[in-house]
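Here's the structure we're looking at; comments come further down.
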Amino acid sequence: MQKIHLVLGPVKAEKVLEKLNLIYSSTISMCLRGYEWAIFRETKSGIKIHTSVLLCEEDVYPNKIIPTPARPADETKLDALIMPGEDVLNVFDRGYFKFKKFDAYSEEGIKFATRLKTNTKVHVIEDLSVEDASPITKHAIVKIGDILHLDDLTYDPII
């Protein structure tokens, strides 16, 4: 959020941050004995807490909390944690990274931001201008992933 304030300035940042849905998961390790239903390693059990925290104006509150065994991938709970709406920006980490979900969210007009994985294929369609004084290093219209058709969805990342 500090970076958003630095990049956009306080007035624009407050407008952008009116509704920010932060999605994250934390794993809590437990001993194997007694928790066989939650085995996620050879010698450990555990649970995962998937959380959606909503920042709305000056208020911060948990929106959803979904406990699961630790083994299933984070992405399996992303649909339940995403908030639709033009004025909501959903932010999540790379554990929730799934191209098919990105495509579906883009088609539905759901706004989201995540960091790319290092092995993500990025195809630049059009470079956009960036002010010299800006901390943004690149702004471009891109296609991510393997391009199979010209109709693949286009993304507008700011790096």
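Tabulated results
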read-out: Index of the failed condition, I39 passing every other in (1) modelled with pLDDT of 80 or more; (2) touching a helix residue (DSSP H, G or I) at 6+ places or on another chain (Cβ under 8 Å); (3) not acidic (D, E); value: (2)
read-out: Test for D127: is it acidic (D, E), in contact (Cβ under 8 Å) with a residue 12 or more places away in the chain and under 20 Å from F40 (Cβ atoms); value: no
read-out: Any hit, segment 68-86, residues being out of contact with any strand residue (DSSP E or B) (no Cβ under 7 Å at 6 or more places or on another chain), modelled with pLDDT of 80 or more and of a type in the set (S, T, N, Q); value: yes
read-out: Candidate set from segment 1-23 (those that are at pLDDT 80 or above and of a type in the set (A, V, I, L, M, F, W, C)); member that is farthest from the chain's Cα centre (by Cα); value: L20
read-out: Any pair with Cβ under 6 angstrom, 6 or more apart, that starts in segment 31-49 at a residue that is closer than 19 Å to A73 by Cβ and ends at one that is of a type in the set (S, T, N, Q) and open to solvent by less than 60 Å² (accessible area, probe 1.4 Å); value: A38/S45; I39/S45; K48/S25; K48/T68; I49/S26
read-out: Among the candidates S52, S26, S45, residue that is at pLDDT 85 or above and touching a Phe, Trp or Tyr at 6+ places or on another chain (Cβ under 8 Å); value: S45
read-out: Neighbours by Cβ (under 8 Å, 6+ apart or cross-chain): first from segment 79-108, over 23 Å from T120 (Cα atoms) and assigned by the TED database to the domain that holds V60; second open to solvent by 40 Å² or more (accessible area, probe 1.4 Å) and polar (S, T, N, Q); value: L81/N63; M83/N63
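The values are calculated or read from the model by the stated rules, or taken from the named source; none is laboratory data. Note that this is a predicted model, so its numbers are computed, not measured. Reconstructed Cβ throughout: ideal geometry from the backbone, glycine too, with neighbour counts over all protein chains shown. Note: accessible area is taken over every heavy atom of the protein model, side chains too, but ligands, DNA and RNA are not part of it. Shrake-Rupley method; radii C 1.70, N 1.55, O 1.52, S 1.80 Å.
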